[in-house]
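Notes to accompany the following structure.
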Amino acid sequence: MEDKFGHLISYLRISVTDRCNERCHYCLPHENQEWLPREEVLTYEEILRVAKVGADLGISKVRVTGGEPLTRRNVLSFISELCSIDGIEDVGISTNGTLLTRNAWPDSDETNATALKRAGVRTVNISLDTLDQEQYAKTTGRDYLQKAVDGIEAAVAAGFEKVKLNSVLMRHKNEHELWNLIDFAREKGALIRFIELMPVSSAEVLSEDNFLSTGEAKKLIEFKYGQLTPLPDFKTNGPASYFQIPDTGQIIGFIGAMTNFHFCETCNKLRLTCEGKLRPCLGSHLEFDMRDVLRNPGLNDDDVRKFFLEVVARKPEQHDFRENYQPGRRMIAIGG
Ligand code: SAM
């Protein structure tokens with residue numbers, strides 16, 4: 001699928017739940033903490049139907065996200081079915097990592113990490129903004145740093161193709177920890193990426209007090225590690241720019257949605273929210289109700305296919321985050 005700006009769409013992010021066991025303030029603001037009623041959330045069968053039609057149209061990569069995807073019941077069986085769809089070559093998951101060491105099934109010792117690997121998941125992205133227990137608890141609303149670290153170790157041990165750590169940059173909160181986070185990623189064998197805060201759930205996150213650009217973060221990192229070498233050919237299917245630390249050879253990434261003006265040029269993504277809205281862009285209010293199509297007995301897969309193509313045709317050239325964007329939907333309810 002190609003839109004009118006030349007974006008080639010091959011990647012679908014699927015949110016399976018808006019529920020989460022953490023409460024990150026930039027994702028789920030305090031004043032806005034209600035979950036969707038279950039009947040509004042797409043069933044696994046409905047999501048698999050969307051994925052199959054998407055695969056026919058050229059979607060080859062899928063990432064399961066949320067909320068926290070590992071909080072949804074039977075998500076492993078769903079992921080296993082997703083991995084077996086013809087044409088879907090690469091399935092990943094985004095998680096806060098805290099449930100990766102939990103048993104996957106009531107009557108077995110297999111953990112979520114090993115069960116995901118066995119299901120066919122190739123990459124695991126784990127959020128980790130800080131290694132300071134107190135800061136972790138403040139940012140996420142939960143004292144789960146050790147669970148997240150155990151989860152990262154379990155993911156690395158499970159042998160996924162890639163384990164990526166996603167650190168959201170926050171001035172005064174983790175800017176003094178960037179070196180520690182980099183060292184931690186190297187020791188664990190994970191690929192770390194630093195992400196700029198986006199005003200998805202709340203515009204307040206972009207205050208002078210809070211926002212730290214990838215450019216500033218890069219300078220802070222270079223202060224200790226020397227000049228980073230750009231790696232323009234190193235790609236992981238998303239918008240990150242990668243650099244190498246000359247002395248250690250370690251690769252680190254930056255995701256600068258707010259300050260990188262070329263950010264949207266190679267966007268290949270659509271997002272499916274857990275209640276069935278298909279969104280052509282994270283940073284635009286456009287969203288289209290696919291659940292109505294899926295639940296209409298008079299409509300078939302051809303109608304789902306047409307719907308996909310109509311949404312792709314509406315994909316904007318770039319996101320609106322720099323244009324006084326007003327948050328309309330919490331990140332947790334979109335799927336990061
Ligand atoms: N619970 C899973 C996790 O922790 O990865 C999946 C969902 S979470 C919404 C996905 C990613 O979005 C996380 O890495 C999180 O840090 C990021 N995120 C959430 N709100 C954000 C914001 N306002 N700006 C930048 N990144 C954000």
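Figures for the structure shown
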quantity	calculated
Matching residues in the stretch 158-193 - criterion: being closer than 17 Å to F243 by Cα, among the hydrophobic types (A, V, I, L, M, F, W, C) and touching a residue at least 60 places away in the same chain (Cβ under 8 Å)	I182, A185, A190, L191, I192
Elements of type helices (runs of 4 or more DSSP H) in the stretch 69-151, at least 3 residues being under 20 Å from G189 (Cβ atoms) and of a type outside the set (A, V, I, L, M)	112-119
Filter result for the condition that a residue is in a strand (DSSP E or B), more than 14 Å from H7 (Cα to Cα) and of a type outside the set (S, T, N, Q), over L278, L299	L278
Residue check for L270: part of a strand (DSSP E or B) and either in contact (Cβ under 8 Å) with a residue 40 or more places away in the chain or within 16 Å of the ligand (Cβ to nearest atom) (or both)	yes
Residues satisfying the stated conditions in the stretch 56-71, i.e. more than 16 Å from the ligand (Cβ to nearest atom) and crowded, with 24+ Cβ neighbours inside 10 Å	I59
Contacts under 6 angstrom Cβ, first residue in the stretch 106-132 being within 30 Å of W179 (Cα to Cα), partner within 13 Å of the ligand (Cβ to nearest atom) and part of a loop (DSSP other than H, G, I, E, B), 6 or more apart	N112/L99; N112/L100; A113/L100; I126/G97; S127/N96; D129/N174; T130/N174
Only one of A203, A217 that is at pLDDT 95 or above and within 16 Å of the ligand (Cβ to nearest atom)	A217
Residues of the stretch 302-323 classified as under 18 Å from I59 (Cα atoms) and either modelled with pLDDT under 95 or assigned to a loop (DSSP other than H, G, I, E, B) (or both), total	2
Subset tally (residues that are touching a Lys or Arg at 6+ places or on another chain (Cβ under 8 Å) and part of a helix (DSSP H, G or I)) for the stretch 41-68	3
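The values are calculated or read from the model by the stated rules, or taken from the named source; none is laboratory data. Since the model is a prediction, treat every value here as computed from it, not as a measurement. Positions of Cβ are generated from backbone atoms using ideal geometry, with glycine treated the same way; all protein chains shown enter the neighbour counts.
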